[in-house]
Structures are given as structure tokens and as C-alpha cells.
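Asker: One structure coming up, written as C-alpha cells, with questions to follow.
The values are calculated or read from the model by the stated rules, or taken from the named source; none is laboratory data. On a predicted model such as this, the values are computed, not experimentally measured, just so you know. Cβ: placed from backbone, ideal geometry, glycine included. Neighbour counts: every protein chain shown.
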Amino acid sequence: MNPYIAEFIGTGILLLLGSGVVANVILPGTKGNGGGVMAITTAWALAVFCGVVVAGPSSGAHINPAVTIGLAVVGKFDWAMAPGYILAQVAGAMIGSGLAWLMYRHHFDLTDDPGLKRAPFCTDPAVRNFPTSVLSELLGTFVLIFVILYITGANLEDSAKTPIGLGSVGALPVALLVWVIGLGLGGTTGYAINPARDLGPRIMHQLLPIKGKGDSDWGYSWVPVVGPILGAVLAAGLYLLIGI
């Protein structure tokens, strides 16, 4: 598979399942309504597993601009390919979240709360404080990238083109990592830890004809982009300093 297409599909699967679980848990009348944080964090972790399994052999399964940037900083990914990867990730996230909305569209209509209508698409801070939110996204992404670099040796694919060198099972450590980040660090901002995961769906929220959706909170949108990028760069820098 073309690596850009792999990133598009992998990120699309991630957001279809990730946006889907948020919609399932918080929107009225669904079978999963009220499932809580454990359902959401578990499903997001497994969504990462699915995206990595699909994209891994062809692209290395970044499915996250922060991973792309982190690998490029440590010299394990070509900077020239980074813009194409990031565009594919954002586009995949848009399509995945759009499909999740299409599936749950009748349940979106059952609530008048614009916050609930926006939540399946993008993150929102529990306490609106920009420095704290940036720190939250920075720390979550720092842990994600730093641990990934040690899981994979700064390479998400091997010579046989299998994910993380272990076949499909190789995606499991990254899924577990995302799970614990969600449970341990996700309570402040909803742990985007992935600029494409937030920006692509936020664009879709703006574009889709969702009745009573309210605004897309563009005033906050820079936080889940800047925070993860800073976290990725810091993690890569520390890895270069002590990890080789």
C-alpha cells in the first residue's frame, strides 16, 4: 500500500472508532450511553491498535503528526515525507469522524447541548486554562513519543514490513501505552496527544450540517496542536540525549 494512503486509512479507522465510542457513551439513546471513562479510554486504545495493524506494514503507522515529527527529529524519518504524512493523517481523521457522525446522526438530534454534539469530534478542557491545557497535552504526548521510541527503537516497521517487527501483536504495546495515558493523564483535556485527531474532526464539526451544534471552539483549537508538537520534540530531544 502507498504509505500516504496507509496513513489516511489508518487514521480514518482510528477516528471512526474513537469518535464513535465518544458518541456511543455520551449521546442520548445509544446502547452505550453512560459507559464512562473506562469505555472511552479502552476503545481509543483499541482503535490505535486497529489503525497501527492496518497502516504499519506500509507506512510505519504513525497515524499522528506528533509521531511523524518525533521520528523525524531523531533522524528515523525523512523530513521531506512529513508534510504528506501529516496531510494524510488530517484527511483520514476528517473522514473517520465524519463517518462516526453519519452513523450516530439521529442520536446527535436527540440532544440540544452543543457541547455534547462537539465532544465526539474534538477535545475540550475540563478547566479552561490555556497554560495548564498545553502542559497536559505536552506531557501526555511526551510520554507517548518517548515510550514509543523505546518500544520500537525509533522505527515502527522492520525489513519484513510488519508492524513494529512483531506482526499484528507488535501494535499491542502502543495500544496499552495510549490506554494508560488516557487513564492517567486524560482527565484535564481529554488527551488529544495527536494534532490530526483533534484538528481534522474539528474541521468536520465546522462543515457538517449538525442541527444546533454551536461553534467549533476555534479559540481552543491551537492547544491540541501546539501541545503535542512540543511534547514530541522534547521527547525526541531527550531520546537523542540519553537513549542512543
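Asker: Quick one: is L138 modelled with pLDDT of 95 or more, crowded, with 18+ Cβ neighbours inside 10 Å and not charged (D, E, K, R)? Before the answer, list the steps.
Answerer: Working: modelled with pLDDT of 95 or more: yes; crowded, with 18+ Cβ neighbours inside 10 Å: yes; not charged (D, E, K, R): yes.
Taking the combined requirement at face value, the residue satisfies it.
For (1) touching a helix residue (DSSP H, G or I) at 6+ places or on another chain (Cβ under 8 Å); (2) aromatic (F, W, Y); (3) within 20 Å of T11 (Cα to Cα); (4) surrounded by 14 or more Cβ atoms within 10 Å (Cβ to Cβ), each residue gets a yes or a no:
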{"residue": "L207", "(1), (2), (3), (4)": "no, no, yes, no"}
{"residue": "K211", "(1), (2), (3), (4)": "yes, no, no, no"}
{"residue": "D217", "(1), (2), (3), (4)": "yes, no, no, yes"}
{"residue": "V225", "(1), (2), (3), (4)": "yes, no, yes, yes"}
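Quick grid of which residues meet (1) within 17 Å of the chain's Cα centre (by Cα); (2) assigned to a helix (DSSP H, G or I); (3) modelled with pLDDT of 95 or more:
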site	(1), (2), (3)
V180	yes, yes, yes
I193	yes, no, yes
R197	yes, yes, yes
G200	yes, yes, yes
H205	yes, yes, yes
K213	no, no, yes
Y220	yes, no, yes
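Asker: Among the helices (runs of 4 or more DSSP H) lying completely within segment 39-128, list those that include at least 2 residues that are under 18 Å from the mean Cα position of the chain (by Cα).
Answerer: 65-73, 82-108
Asker: Can you find a residue that is polar (S, T, N, Q) and farther than 25 Å from I181 by Cα anywhere in segment 96-116?
Answerer: Yes, there is a match, as at least one residue in segment 96-116 is polar (S, T, N, Q) and farther than 25 Å from I181 by Cα.
Asker: Go through (1) under 24 Å from G56 (Cα atoms); (2) at pLDDT 95 or above one by one and return the number of the condition T152 breaks.
Answerer: (2)
Asker: Checking P173 against (1) modelled with pLDDT under 95; (2) under 19 Å from I13 (Cα atoms); (3) in contact with a Pro (Cβ under 8 Å, 6 or more places away or on another chain): exactly one of these is not met. Which one?
Answerer: (3)
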